[in-house]
Structure formats: C-alpha cells, structure tokens
Amino acid sequence: MSTASAPKGNGTETQNVSVVIPTYNYGRFIADAIESVLGQTVAPTEIIVVDDGSTDDTEAVVRGFGGRIKYIRQENAGVCAARNRGVAESSGDLIAFLDADDIWEPTKLEKQIAKFASDPAIGLVHCGMREYDSLTGKTICDHLVGGEGWLANDLLLWEKPVIIGYGGTVVVRRVAFEEVRGFDERLTVGEDLDFCYRIAVRFKVGFVKEILMHYRMHDRNSRANVREMERSLNLFYAKAFDTDDFEILRLRRRAYGNFHMVMAGSYFRVGQYRSFVRHAASGILNRPANVYRLFGFPVRFMKRALASR
C-alpha cells in the first residue's frame, strides 16, 4: 500500500488525504466502512470518526481498531456538525467523506487523487456508485451518469444527474471546504447539495466514471420528513439566489419551477395531496413546460407500487 500523496499544482508537491466518517448508531455497519478505507491502495493520512452521540456499540467497535482511527465523540448535533467537526480536527490537503453505512472500492482514493492532479482548478471529485440491498447483497441500481466541469447551474436546475452520491463519493480540496465554510448546519435535508453547489460556484468538478462506492440500502436509510425537506431546500435556494450575478438570477424561475415539481412529487408519494397541488401549481406557474411532468406522477406511483409487491 502506497502513501496518500499525489501531485498538485506543478506536480512536485504532495497531497495528504483525511477521511471523515460521521456516524450515529451505526455500530453494526461502521466496521465495514472503516475496513474499506484501511484497504485503499493509496492509504489516507488519517481516518477520523465523529460519533454524533450514538447510544449503541459504535464506540467499542471503532476503538477496536486501535490507534489507526481517531475517534471523536460529541453530543448529537446532526451530520453537518459531525462533518464540520471532523474537518476541523483533520490536517489533509484533501478531505474525503464516507457515511458509516457505506463502503469504498480499494482504488477509490487513488483514482480520485489522480483526477485532482490532472487539473488544479478542480475543487471536488465524485465517482460512480452502486446501490445494493443490505440483506441480500444484490445490486439495486448502478449510478454512472454524472457531470464534470463547471456545474453550478446544473445543480440549481435539477434537470439531469450531476453529482452522484454526495455523502460517500465526494472528495474535496481543503481550500475549497474552507472557502465555502463547510456544511451549513441549519440544513437537515439537502445539505450535501448545498455544500456541493457552493463549491461548484467557485471550482470545477471532476468525475471518475467508475463504481468506487457502494451505498447500502437498509431500514434506517434517511427518510426525510417532507416538510423539513421543503424548509431546507427553500433555504438552499434563498441562499443561492441572494446574488447580483445575472447569469445565476436568470435561472431563478426555471430552478424554482423544477424545485416545486420535486416537492410536488415528494408530497404525492406520502399522500399529502393538498401540498402536492400547491407545489404542482407553483411548478407550472414558474415553468409552464412542467405541466407535462404533472401527468407522470400517477404513472410513476403505480410503477413503484407494482414493483414493491
């Protein structure tokens, strides 16, 4: 196993990688996550686990790895606070995030570091992702369609896949993390989108089109409260459009139109039809072409219902 270094700038310097793993009551999964980091072909400088107030055996499992892991415990404050705490305690030029219930392929860091080395304007690199069933191990879906380059506008518009996975696929430069001041701890849903958008405004995004992260689907995967999702994403958009940049402001109605259709679909799935109608109307008002998306909601609902039988 080689050391965690790769060229940056003129290719003569090295980049150290810090891995930050936030966790809350994932004692049954976190050993797999840590083992996947320890098994990297390019070894990270440090692995930091931030325990966000777990009440299970998380601490015992992590401490079982000895001095290879830096364990930090804090009162429960949410995943954004845990990630920010981990970065504050880290020293690497690059920061890699991994959720405690997911795992990496052995070459993940090696290939993402190489992407950073190819272009000093890149501030964030993501990669392909596989979703799999925790009980059977069977693949649910492979995600290999992602973007690279200057992607801020695409992240605002939500019209195509842009950054895959967020929490476990993303590696960022420390300078990018510090420039955007980390994760916004006011957000509980969409915090990864907000974080990546703020980096994408200032830096290019790189993409490794290979499955390098495995996303475990299980009964405790985040199931966002839809009203909290609405609150957090409204805050995200309010921040994004609090600007004098005409190139961003010209996307406002189109972006809000798409956002309202996403919310309409979310409320439709949970059976809150008055909120569905409210958001669908706003989606069409902001972007009339969304009327065609409206007819797709019942069809998608029936397909999901049939697939779950």
Practice item. Answer yes if at least one residue in region 15-22 is over 16 Å from G86 (Cα atoms) and touching a helix residue (DSSP H, G or I) at 6+ places or on another chain (Cβ under 7 Å), and no otherwise. Key: yes
Check your understanding: Within region 166-190, can you find the residues that are among the small types (G, A, S), part of a loop (DSSP other than H, G, I, E, B) and at pLDDT 95 or above?
Key -> G182
Review point. Taking I95 and the conditions (1) more than 14 Å from S18 (Cβ to Cβ); (2) of a type in the set (A, V, I, L, M); (3) in contact (Cβ under 8 Å) with a residue 40 or more places away in the chain, which numbered condition does it fall short on, given that it satisfies the others?
Key: (1)
Point to revise | Looking only at region 144-172, and only at residues there that are in contact (Cβ under 8 Å) with a residue 60 or more places away in the chain and within 11 Å of Y215 (Cβ to Cβ), the one that is surrounded by the most Cβ atoms within 10 Å (Cβ to Cβ) | key: G168
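Please enumerate the residues belonging to region 246-268 that are touching a residue at least 40 places away in the same chain (Cβ under 8 Å), out of contact with any Ser or Thr (no Cβ under 6 Å at 6 or more places or on another chain) and in a helix (DSSP H, G or I).
Residues satisfying the conditions are E247, I248, R254, A255, N258, F259, V262, S266.
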**Study point:** Filter pass, R198 being farther than 25 Å from Q15 by Cβ and surrounded by 17 or more Cβ atoms within 10 Å (Cβ to Cβ)
**Key:** no
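Residues of region 191-233 being part of a strand (DSSP E or B), at pLDDT 95 or above and not acidic (D, E), which ones?
Scanning region 191-233 gives K204, V205, G206, F207, V208, K209, I211, L212, M213, H214.
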Practice item. Please identify the pairs in which a residue from region 181-203 that is at positive phi has its Cβ atom under 8 Å from the Cβ atom of a residue that is of a type in the set (S, T, N, Q) and assigned to a helix (DSSP H, G or I), counting only partners at least 6 apart or on another chain. Key: G182/N84; G190/S232
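The values are calculated or read from the model by the stated rules, or taken from the named source; none is laboratory data. Because the structure is predicted, anything quoted here is derived from the model rather than measured. Virtual Cβ from ideal backbone geometry, glycine too; neighbours counted across all protein chains shown.
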